[in-house]
Amino acid sequence: MKHLLEVVNLQTAFQSEKSEIIAVDEISFTLNAGETLGIVGESGCGKSITSLSIIGLLGKKGRVKKGNIYFDNEDLAQTSESDFRKIRGNQISMIFQEPMTSLNPVFTIGNQMIEGIKLHMKLSTKEARSYAIEMLEKVRIPRAEEVMKEYPHVLSGGMRQRVVIAMALACKPKLLIADEPTTALDVTIQAQILELMRNLKEESETAIMFITHDLGVIAEMADKVIVMYAGQIVEEADVFTLFKNPKHPYTQGLMASIPHIEYEEEERLSSIPGTVPTPQNMPKGCRFHTRCPYVTEQCKQERPDLFQINDTHKSRCWLVKTEKHNKE
Amino acid sequence: MVDAFTVENIAPLLRVENLKTHYSIKKGVFSRNVGSIKAVDGVDFHINPGETLGLVGESGCGKSTVGKTLVGLERATAGNVFFDNKDILSGSGSEMKKVRRDLQIIFQDPYSSLNPRKRVKDILEEPIRVHRIVEPQLVSKRVDELLELVGLPRAFKNRYPHEFSGGQRQRIGIARALSLNPKLIICDEPVSALDVSIQAQILNLLKDLQKELNLTFLFIAHGLGAVKYISDRIAVMYLGKIVEIAKTEEIFMNPQHPYTKALLSAYPIPNPELRSKERIIISGDVPNPSNLQKGCNFYSRCPLAKSICRDEEPLLKGEKHPVACFAVNDEKKWNAGIRL
Ligand SMILES: Nc1ncnc2c1ncn2[C@@H]1O[C@H](COP(=O)(O)OP(=O)(O)OP(=O)(O)O)[C@@H](O)[C@H]1O
Ligand SMILES: Nc1ncnc2c1ncn2[C@@H]1O[C@H](COP(=O)(O)OP(=O)(O)OP(=O)(O)O)[C@@H](O)[C@H]1O
Ligand code: SF4
Ligand SMILES: [Mg+2]
Ligand SMILES: [Mg+2]
């Protein structure tokens, strides 16, 4: 089966005053229609840059330096900005963490939604208007008709995020990139929105890239998961395997750090000592070796590849090699 | 952590009675008062020495306002607060200065709560000097001790806040709160801005410090996992009021208020095998706190609401496990499952 999205060996760089910073490197993954890919990892590990590379919103200083991003047989890494504009908002939509990124404070909700819908769906103003109201009702906005006449600032954070989600889903995108869509929301509101995204995905076979650092949300939403560390993918697995049998020491550390509400009393959380390296001073060898409990001489010297454990499970760690070795 | 059996005979370190903090809404060039936001609207609780009380609830329900009012950053509109048996809302200036020392606060945002132009050394030394905690020649030694307590190398004291990671900055915030040897620390979302692995480091640190220094905590957060991990008891707030308060296990095993139940049910559990569990998803948004209706504040979203809930305000009732709800015993409806 042909994948809807196939990212191959993506490397994205930023030009800073003196030098070039490689923000993400060796990123490869695939995503099929109707599938949800979760992306997790600590702040600064490159989750947002990966998604901004896909929709071509890296800004003036950033560029895809290497690799390919095949979307529906087209390489987005080679697409011109004018062609991109047609794809964005139509075939690929993005929900940003902060809803005001996607909302213009000087236009009413109705204005913004109708504009977007007319642009991408070739409907008349009247048709676009009733479709916008329908979408607002779908995301459970009460008084949808009145909200159409209101400005973003009078809405609560949860309402704004739902408006943004309604806008992102209005054009029935093939791919929805959701970058921390619920991080700013309360759990009861978050539960409403997750439910909604699940329903919409089932109705229209949308593929979703779901970025978050909340492992609870990942467990809830994802089919497969990518764990990122310091600009690279360190583990990839289906969601059940990742939680039951994480292989990379970083993933294991993350899992052990979560305080659980479903456990009886926990005396002590385990934590990962130290901090993430910055792109300016990446350590030699494995990027996790400065914090890893299993570090060996080899880890300090040589970069591990993203080794294949089985068909659906990969880990960027030398332990995979040695374990295999021991079994053989 | 304190043994539950001994606690009941100890005099509380902090006792809060009917606390109200309202913000006035001003409009126009003459700053006319056009109404008020009842951010905290009649709250009662106590905390025993050495205990951690968790305070949870939806964004905007008044958790931070409770914390800020206790440390004097906001003025109470009504009520009493007794700390160490002294009434701290009506105390005199010099008495208050002493009390303020014993009652410290740590904020959520380790980025904005530290002065960017001061070195760590100055950030920590200043309060020690101002309050004459130790002899002037011992100040520097005290700073070293504080850094050691929070697990930072001494060499860090000559650096500026921007040279640290989020977790390290939060450690500095904790060291600053500890510098005056407080008895009670209000932790206002101290780990919400941090990544899970760093969050675990800070939670462990707070627990260790509590044991070592016999500290009492009011721990404000909306991450239920962290709250459960650190708290002996938990108070659940909704729109300016406490709706339920009980021992931690009680809240999680036997939640009573419909909002608490919804909150626990909505919390995403980091285990995909449990994803199919029936959720209680409550619809709607939190009402506007400047325009509250009479009756129960949860009425507009409550799946169990009945007519009395619209007309009367439920009071926090019960000895061991107080709850403010008219429908506490309407169990059956819950089992039917309520969905969006
Ligand atoms: N415009 C930019 N110029 C230079 N470097 C950048 C730029 N944007 C991001 N970076 C760097 O790229 C790396 C990845 O950043 P990214 O925003 O993708 O992280 P993230 O995983 O989304 O983190 P968070 O969870 O905090 O959102 C970081 O080291 C960041 O400092
Ligand atoms: N200085 C202020 N002036 C006016 N209103 C305020 C002020 N500070 C807070 N409020 C309002 O008081 C209510 C309670 O706010 P508070 O910050 O205590 O909530 P919270 O429970 O801490 O929320 P969060 O979880 O988002 O931190 C909110 O409606 C808020 O908008
Ligand atoms: S390669 Fe070595 S240092 Fe890196 S994660 Fe694996 S064991 Fe740890
Ligand atoms: Mg990001
Ligand atoms: Mg707050």
_Antiparallel bridges, percent of DSSP beta bridges restricted to the range B:14-254 (to nearest 5)_ = 55 percent
*asked:* Contact order normalised by length for the range A:1-128, with contacts defined as Cα pairs under 8 Å and 6 or more residues apart; what percent is it?
replied: 23 percent
*Fewest to most neighbouring Cβ within 10 Å: what's the order for B:R100, B:R279?*
B:R100, B:R279
*Cα-based Rg (one decimal) and Dmax (whole number) for the range A:52-172, in Å?*
15.6, 48
*Show that you can apply the helix-only estimate: for chain A, add -39,500 (n - 2.57) for every DSSP H stretch of four or more residues, divide by all residues, and state [θ] at 222 nm to the nearest 500.*
-10500 deg cm²/dmol
*asked:* Please report the net charge: other residues with Cβ closer than 12 Å to the Cβ of A:I95, K and R +1, D and E -1.
replied: -1
*Would you mind checking the tilt of helix A:109-121 against the longest principal axis of the Cα atoms of chain A, expressed as 0 to 90 degrees and rounded to 10?*
80 degrees
*Could you work out which residue, out of A:V139, A:V187, A:V217, moves most in a Gaussian network model of chain A, that is, has the largest mean-square fluctuation with Cα springs under 10 Å?*
A:V187
*By count of other Cβ within 10 Å, fewest leading, how are A:F107, B:F82 ordered?*
A:F107, B:F82
_Can you give me the Rg/Rh ratio for the range B:261-300, using Cα atoms for both radii and the Kirkwood formula for Rh?_
1.14
_Value at 222 nm in deg cm²/dmol, rounded to 500, when DSSP H runs of n ≥ 4 in chain B each add -39,500 (n - 2.57)_ = -9000 deg cm²/dmol
_As a test, work out the antiparallel percent of DSSP beta bridges whose residues both lie in the protein assembly as shown, rounded to the nearest 5._
60 percent
*Out of every Cα-Cα pair in the range B:109-225, what percent are more than 21 Å apart?*
35 percent
*Largest-first principal axis extents, alpha carbons of the protein assembly as shown, Å*: 74, 65, 55
_Test of understanding: express the Cα radius of gyration of the range A:245-328 as a ratio to 2.2 N^0.38 Å, with N the residue count._
1.25
*D (Stokes-Einstein, µm²/s), Kirkwood Cα radius, chain A, 0.692 mPa s at 37 °C*: 155 µm²/s
*asked:* Given 25 °C and 0.890 mPa s, compute D for the range B:184-340 with the Stokes-Einstein relation, Rh being the Kirkwood radius over Cα pairs; round to the nearest whole µm²/s.
replied: 142 µm²/s
_Please compare each pair in B:K20/B:K63; A:K2/A:K122; A:K18/A:K60; B:K38/B:K261 to a cut-off of 20 Å on the Cα-Cα distance and tell me which ones are over it._
A:K2/A:K122; B:K38/B:K261
*Report Rg (one decimal) and Dmax (nearest whole number) for the range A:84-137, counting Cα atoms only, units Å.*
11.5, 31
_Normalised contact order of the range B:14-254, rounded percent, pairs of Cα under 8 Å and 6 or more residues apart_ = 28 percent
*asked:* Of all beta bridges DSSP finds with both residues in chain A, what is the antiparallel percent, to the nearest 5?
replied: 60 percent
*With a ≥ b ≥ c the root eigenvalues of the C-alpha gyration tensor of the range A:56-125, is it rounded (a/c under 1.5), prolate (a/b larger than b/c) or oblate?*
oblate
*Find the centroid of the Cα atoms in the range A:165-182 and in the range B:38-54, then give the distance between the two in whole Å.*
41 Å
*Which value in Å does the Kirkwood hydrodynamic radius of the range B:4-100 take, with 1/r averaged over all unlike C-alpha pairs and then inverted?*
14.9 Å
*When the Cα centres of the range B:267-327 and the range A:3-54 are compared, how far apart do they sit, in Å?*
41 Å
*Dividing the alpha-carbon radius of gyration of the range A:171-253 by 2.2 N^0.38 Å (N being the number of residues), what value is obtained?*
1.15
*Calculate the length of the line joining the C-alpha centroid of the range A:68-107 to that of the range A:193-236, in whole Å.*
19 Å
*Near A:H260, within a Cβ-to-Cβ distance under 10 Å, what is the net charge of the other residues, with Lys and Arg +1 and Asp and Glu -1?*
-2
*Per-residue HN-Hα couplings for the range B:266-275 [Karplus 6.51, -1.76, 1.60; θ = phi - 60°; Hz; x = Gly/Pro]*: 7, 5, x, 8, x, 8, x, 5, 9, 5
*Anything over 24 Å Cα to Cα? Flag those among A:K66/A:K118; A:K66/A:K284; B:K241/B:K306; B:K86/B:K118; A:K47/A:K224, in the order listed.*
A:K66/A:K118; B:K86/B:K118
*Roughly how tilted is helix A:318-327, in degrees to the nearest 10 and between 0 and 90, from the longest Cα axis of chain A?*
60 degrees
*Build a GNM of chain A with springs between Cα atoms under 10 Å: which of A:E302, A:E266, A:E180 gets the top mean-square fluctuation?*
A:E266
_Which of B:H46, A:H313, A:H248 has the fewest Cβ neighbours within 10 Å, and the rest in rising order_ = B:H46, A:H313, A:H248
*asked:* Explain nothing, just the number: relative contact order of the range B:56-150, from Cα pairs under 8 Å at least 6 residues apart, as a whole percent.
replied: 14 percent
*Starting from the alpha-carbon convex hull of the range A:171-328, give the projected area averaged over all orientations, in nm².*
12.2 nm²
_Connecting C-alpha atoms closer than 10 Å in a GNM of chain A, tell me which of A:D311, A:D75, A:D223 has the biggest fluctuation._
A:D311
*If you line up the long axis of helix A:157-170 against the longest principal axis of chain A, both from Cα atoms, how many degrees apart are they, to the nearest 10?*
80 degrees
*Filter the trypsin sites (Lys or Arg not before Pro) in the range A:143-226 down to the DSSP loop ones having no more than 13 other Cβ atoms within 10 Å, then list what survives.*
A:R143, A:K149
*Quick one: which residues, 5+ away or cross-chain, put their amide H under 5 Å from the amide H of A:E235? H built at 1.01 Å from N.*
A:V227, A:R316
*Under the Karplus relation 6.51 cos²θ - 1.76 cosθ + 1.60, θ = phi - 60°, what is the ordered set of whole-Hz ³J(HN,Hα) values for the range B:188-201, x standing for Gly and Pro?*
9, 6, x, 10, 4, 8, 9, 5, 3, 5, 6, 4, 5, 4
_Can you tell me the convex hull volume per residue for the range B:14-254, based on C-alpha atoms, in Å³ to the nearest whole number?_
145 Å³
_Net charge around B:A235, counting only other residues with Cβ within less than 13 Å of its Cβ (Lys, Arg = +1; Asp, Glu = -1)?_
-1
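No lab work stands behind these numbers, since they all come straight from the coordinates. A quick note: this is a predicted structure, and the numbers were derived from the prediction, not measured. Using ideal geometry, Cβ is built from the backbone for each residue, glycine included, and neighbour counts are taken over all protein chains shown.
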